[in-house]
Amino acid sequence: SGGYVGDPGHVGVVRTVGKETARTEPGLQYRIPWPVQRVDVVSVEQIRRIEVGFRAGQRVHEEALMLTGDENIVEAQIVVQYRVADPSKYLFRLRDPEVALGAATEVALRSTVGNMTIDQVMIEERARVQDEARLFIQRLMDNYQSGLVITEVKLQAADPPDAVRDAFHDVVRAREDKEKLINQAKGYQSDLLPR
């Protein structure tokens, strides 16, 4: 009744009378039957993910709406991929590590977006938003001793709210047209001056 099999990529955390006493590797293992020993098996290779600002394709407005550094409102959605690096910390340091990670992600994204302009967040520096958010999240999760390692952060969408989306896209198109006209004029100048 005390035998169990640890799957590849999993680590068993053995608790004897509530106190962690050992870790088990994959393979056939034995534990003293309940209530003396208990084994929690955690996958340390599985890449997990959380979504902030949306769930299964549906927006969550209270998470997604944030204020940029130039005092514009942007609706941002982000996906964080992570894995468990330390099963003991993952199991025993936080009551619900996924909820803590979701809150830390929201804080990190709001902080990062709050230090940039709306153009930087939406167009110019999306990669920087992702990198800074990843570092911020990892620092928070390390401070919480969560046992989690952030493997990737992807900014899914960063758009103005629905009420002003069309007007914002008109402004972006006008800027693109301006750049196009300037480039055409410079090309014309480059062609005409040598002649």
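Of the trypsin sites (Lys or Arg not before Pro) in region 48-122, which ones lie in a loop per DSSP and count no more than 16 other C-beta atoms within 10 Å? Provide the component values of the computation, followed by the final result.
On the way: sites: R48, R49, R55, R59, R83, K89, R93, R95, R110; in loops: R93, R95.
For trypsin sites (Lys or Arg not before Pro) across region 48-122 that sit outside H, G, I, E and B with at most 16 neighbouring Cβ atoms in 10 Å, the list reads R93, R95.
Given their separation in residues at 0.36 nm each and the Cα-Cα distance between them, K19 and V60 gain 10.8 nm when the chain is fully extended. Counting only protein heavy atoms and using a 1.4 Å probe, what share of the accessible area of the chain belongs to carbon plus sulfur, as a whole percent? Of all accessible area on the chain, carbon and sulfur atoms account for 51 percent.
A Gaussian network model of the chain, with springs between Cα atoms under 10 Å, assigns the largest mean-square fluctuation among R134, R165, R175 to R175. For region 72-145, run through the GluC sites (Glu not before Pro) and keep only the ones in DSSP coil with at most 16 other Cβ atoms within 10 Å of their Cβ. Passing sites in region 72-145 are E125.
Subtracting the Cα-Cα distance of K154 and R175 from their residue separation scaled by 0.36 nm leaves 4.9 nm. When the charge dipole of the chain is built from unit charges on Cβ atoms (+1 for Lys and Arg, -1 for Asp and Glu) and taken about the Cα centre, the candidate among G147, T105, F168 whose Cα reaches farthest toward its positive end is G147. Cross-link partners of K89 among lysines, defined as those whose alpha carbon lies under 18 angstrom from its own and excluding same-chain residues fewer than eight positions apart: K19.
Solvent-accessible surface of region 1-84, taken per residue with a 1.4 Å probe and all protein chains present: 58 Å². In straight-distance terms, cross-link reach from K186 covers every one of the lysines whose alpha-carbon lies under 16 Å from its own, apart from those fewer than eight places away in the same chain; here that gives K178.
In vacuum, with every alpha carbon of region 114-195 counted as one equal point scatterer, what does the Debye formula give for log10 I(q)/I(0) at q = 0.26 Å⁻¹? Two decimals, please. So the normalised log intensities are -1.19.
What would the Debye formula give as log10 I(q)/I(0) at q = 0.15, 0.17, 0.28 Å⁻¹ for the alpha-carbon point model of region 1-40, no solvent? So the normalised log intensities work out to -0.29, -0.37, -0.93. Relative to the Cα centre, the charge distribution of region 1-134, modelled as +1 at Lys and Arg Cβ and -1 at Asp and Glu Cβ, gives a dipole magnitude of about 920 debye. Looking at P35, I78, A22, which one has the Cα that reaches farthest to the positive end of the dipole of region 1-135 (charges on Cβ: Lys, Arg +1; Asp, Glu -1)? So the residue we want is P35.
Per the Debye formula on identical point scatterers at the alpha carbon atoms of the chain, with no solvent, log10 I(q)/I(0) at q = 0.08 Å⁻¹ is -0.43. Partners of K154 within straight-line reach, counting aspartates and glutamates whose Cα lies under 14 Å from its Cα and excluding those fewer than 8 residues away in the same chain: E51, E106, E125, D131, E132. The mean sequence distance of close C-alpha pairs (under 8 Å, at least 6 residues apart), as a share of the length of the chain, puts its relative contact order at 18 percent. Gyration tensor analysis over the Cα atoms of region 27-128 returns equivalent ellipsoid semi-axes of 39, 13, 12 Å (largest first, whole Å). When Rg and the Kirkwood Rh are both derived from Cα coordinates, the Rg/Rh ratio for region 125-164 amounts to 1.13.
The values are calculated or read from the model by the stated rules, or taken from the named source; none is laboratory data. Predicted, not measured: the structure shown is a model, and the values here were computed from it. When we count neighbours, we look across all protein chains shown, and the Cβ atoms used for this are built from the backbone with ideal geometry, even at glycine. Calculation scope for accessible area: heavy atoms of the full protein, side chains included, ligands and nucleic acids excluded. Shrake-Rupley method; radii C 1.70, N 1.55, O 1.52, S 1.80 Å.
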